[in-house]
Amino acid sequence: MGQETATAGPGSMSAEQDPLLGFAAKWDAYLRSDIDMTISPDETMRGFEWYHTVGKAGARAVILACMSSQLTDVRSLLDMPCGHGRVLRHLVKLFPDAQVDACDIDRKGAEFCARQFGAGAIISEAEPEAVVFPRKYDVIWVGSLLTHTTLELTERWLRHLAMQLSDTGIIAATVHGRYSARRGGEFGYIDAENWQRIVAEYEETGYGYANYPFPAHGGNVPGDYGVSLSKASRLISLTEGMDDLRIFNYIERGWGGHQDLLVVGKPRFIAGLL
């Protein structure tokens, strides 16, 4: 008898046919890739032992966001705010064929990501609507921006970034949720007096915020910039008011076991059953 070979059953699908398999393959390839761990001399987080693990956790959050959505591939990606590439260095390995842009109000950070990781550099602005992007994106990774914004700015950023999405694009954004509410005092997000104000407002309204009592990022960020805390229900309610976005996922402690992960995107909620 000849050697028997396994054959696919009638219900089996290839990675090309099933996006979940395709994204799983990308994750597998990423895990076997070499990450460029060149650290910028201007990186404020240099020296922290968790730098690599938090960057990898960002890539994991993004692949889970993709699997939650109706994306079939990632051809364009925006990292905002990119900082000095803590997560971006992982994303370029996760999606090696994608056009990747790095956006930050810190010019040195965006330009370092361009030089070191081959991303397009975009210099951000304090006002969301003032930021101009060169293309539509399949994925917009917003790692720890909405953890620092007022409720008004959070809504404006979500609305503006939603306008930059492709037909099936998603926003994967992290926020301070229940875990942060319970542990934030230990973590030292902000001084004790302001933290008490944030928690009190969070408990009362579902969203708490206070400005830092000092210039943030060396004065790079003008206007309101501080620490925010949001209940999942408040963010879901906020997104429900945006008919051009669909809620795909909400994962508590979805980034590095710390910040929550909100996944919203296209096709929009009122577009039908797709």
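The values are calculated or read from the model by the stated rules, or taken from the named source; none is laboratory data. What you see is a predicted model; the values in this text were computed from it and never measured. A quick note on method: Cβ atoms are made from the backbone with ideal geometry, for glycine too, and the neighbour counts reach across all protein chains shown. Heads up: the accessible areas ignore ligands, DNA and RNA and are worked out on the full protein's heavy atoms, side chains in. Shrake-Rupley method; radii C 1.70, N 1.55, O 1.52, S 1.80 Å.
Out of curiosity, is residue 114 surrounded by fewer than 20 Cβ atoms within 10 Å (Cβ to Cβ), in contact with a strand residue (DSSP E or B) (Cβ under 7 Å, 6 or more places away or on another chain) and part of a helix (DSSP H, G or I)? Considered against the rule, which asks whether it is surrounded by fewer than 20 Cβ atoms within 10 Å (Cβ to Cβ), in contact with a strand residue (DSSP E or B) (Cβ under 7 Å, 6 or more places away or on another chain) and part of a helix (DSSP H, G or I), residue 114 comes out as yes. What do you reckon, is residue 46 more than 17 Å from residue 139 (Cα to Cα) and either open to solvent by 10 Å² or more (accessible area, probe 1.4 Å) or of a type outside the set (Lys, Arg) (or both)? Taking the combined requirement at face value, the residue satisfies it.
For first residues located in segment 47-59 and under 19 Å from residue 80 (Cβ atoms), partners that are surrounded by 20 or more Cβ atoms within 10 Å (Cβ to Cβ) and of a type in the set (Val, Ile, Thr) and lie 6+ apart or on another chain with Cβ distances below 7 Å form the pairs 55/87; 58/87; 59/87. Sort out which residues of segment 94-127 are within 17 Å of the chain's Cα centre (by Cα) and charged (D, E, K, R), and write them in order of number. Scanning segment 94-127 gives 101, 104. What number of residues within segment 164-189 are touching a residue at least 60 places away in the same chain (Cβ under 8 Å), farther than 13 Å from residue 208 by Cα and not small (Gly, Ala, Ser)? Total satisfying the criteria: 8. Residue-level analysis places residue 208 among those that are open to solvent by less than 10 Å² (accessible area, probe 1.4 Å) and either of a type in the set (Gly, Ala, Ser) or in a loop (DSSP other than H, G, I, E, B) (or both).
Of the residues 175, 132, the single one that is more than 16 Å from residue 261 (Cα to Cα) and of a type outside the set (S, T, N, Q) is 132.
Does residue 74 qualify as being within 17 Å of residue 170 (Cα to Cα) and part of a helix (DSSP H, G or I)? When the stated conditions are applied, residue 74 does not pass them. Of all residues in segment 143-167, exactly one satisfies the criterion of being part of a strand (DSSP E or B) and crowded, with 21+ Cβ neighbours inside 10 Å, namely 165.
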